[in-house]
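**Student:** After the structure tokens below, expect a handful of questions from me.
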Amino acid sequence: MSDPKDYPYVTNLNVQYQPLELIDEKALADSCLHQWYNQTLCNVNDSVVRLGVVQGEYHWHKHDDDDEFFYVVEGQLLIDLEDRTIDLSPRQGIVVPKGVVHRTRAPERTVILMVETNTVVPTGD
């Protein structure tokens, strides 16, 4: 697996919105200037919803104890697995089960939402 220190990620784990606060995902995504950006939006029970604005590739990694849900809002997200690549278009999503080695890639600027436990380490275990 790759070393996450070799990649230009901006990852904000602080919860930006509390219950009953309006979340304007489009305004947040439109204002993002980073190539690989991840912002925790809110808590939902023991999980978090995160906004990702991505272009390029993330490193190979896995989460030993946590499933990860990816949903494409705009653009195209490729999820490389050891034996295949999953191609997600807008309004498509998938769960990557815990323990599965994967890498996400976006050939163009892509906006995604992710749902995962609030204890997950985004860069992997």
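**Student:** On full extension of the chain, what length is gained from Leu78 through Val101, given 0.36 nm per residue of separation minus the C-alpha to C-alpha distance?
**Tutor:** Working it through step by step, the gained length comes to 6.9 nm.
**Student:** On to the next question. Just to confirm the filter: which chymotrypsin sites (Phe, Trp or Tyr not before Pro) across the range 27-60 are DSSP coil and have at most 12 other Cβ within 10 angstrom of their Cβ?
**Tutor:** Passing both the DSSP loop test and the Cβ count: no residue.
**Student:** Name the long-range amide H neighbours of Asp66: under 5 Å, sequence gap of 5 or more, or other chain; modelled H, no Pro or chain starts.
**Tutor:** Gly99
**Student:** With Rg and Dmax of the Cα atoms in Å as the read-out, I listed (i) 15.5, 48; (ii) 19.3, 66; (iii) 13.6, 42; which label goes with the value calculated from this structure?
**Tutor:** Structure-derived value, by its label: (iii).
**Student:** Output the Cα-based Rg and Dmax of the range 43-89 in Å, rounding Rg to one decimal and Dmax to a whole number.
**Tutor:** Every Cα atom of the range 43-89 included, Rg and Dmax give 12.2, 33 Å.
**Student:** Please give me the summed charge of the neighbours of Glu74: other residues whose Cβ is under 13 Å from its Cβ, Lys and Arg +1, Asp and Glu -1. Walk me through the intermediate numbers first.
**Tutor:** On the way: positive: Lys26, Arg91, Arg109; negative: Glu25, Asp30, Glu108.
Net of charged neighbours comes to 0.
**Student:** Which GluC sites (Glu not before Pro) in the range 36-125 sit in a loop by DSSP (not H, G, I, E or B) and have at most 13 other Cβ atoms within 10 Å of their own Cβ?
**Tutor:** Those satisfying the criteria are Glu82.
**Student:** Using Cα pairs under 8 angstrom and six or more residues apart, how large is the relative contact order of the range 33-94, in percent?
**Tutor:** Across the range 33-94, relative contact order equals 23 percent.
**Student:** Something else about it: Share of the chain's accessible area from carbon and sulfur, percent, 1.4 Å?
**Tutor:** 50 percent
**Student:** Let me ask another. Considering only protein heavy atoms, what per residue accessible area in square angstrom results for the chain with a 1.4 angstrom probe?
**Tutor:** 55 Å²
**Student:** Given R₀ = 41 Å, FRET efficiency for Asp87-Gln16 by Cβ-Cβ distance, to 0.05?
**Tutor:** That gives a FRET efficiency of 0.90.
**Student:** What order do Arg109, Arg91, Arg50, Arg103 take when sorted by accessible area (1.4 Å probe), most exposed first?
**Tutor:** Arg91, Arg109, Arg103, Arg50
The values are calculated or read from the model by the stated rules, or taken from the named source; none is laboratory data. Because the structure is a prediction, the values reported are computed rather than measured. Because the Cβ atoms are built from the backbone with ideal geometry, glycine has one as well, and the counts that use them run over all protein chains shown. For the accessible areas, the whole protein counts, side chains as well, though only heavy atoms, and no ligand, DNA or RNA atoms are used. Shrake-Rupley method; radii C 1.70, N 1.55, O 1.52, S 1.80 Å.
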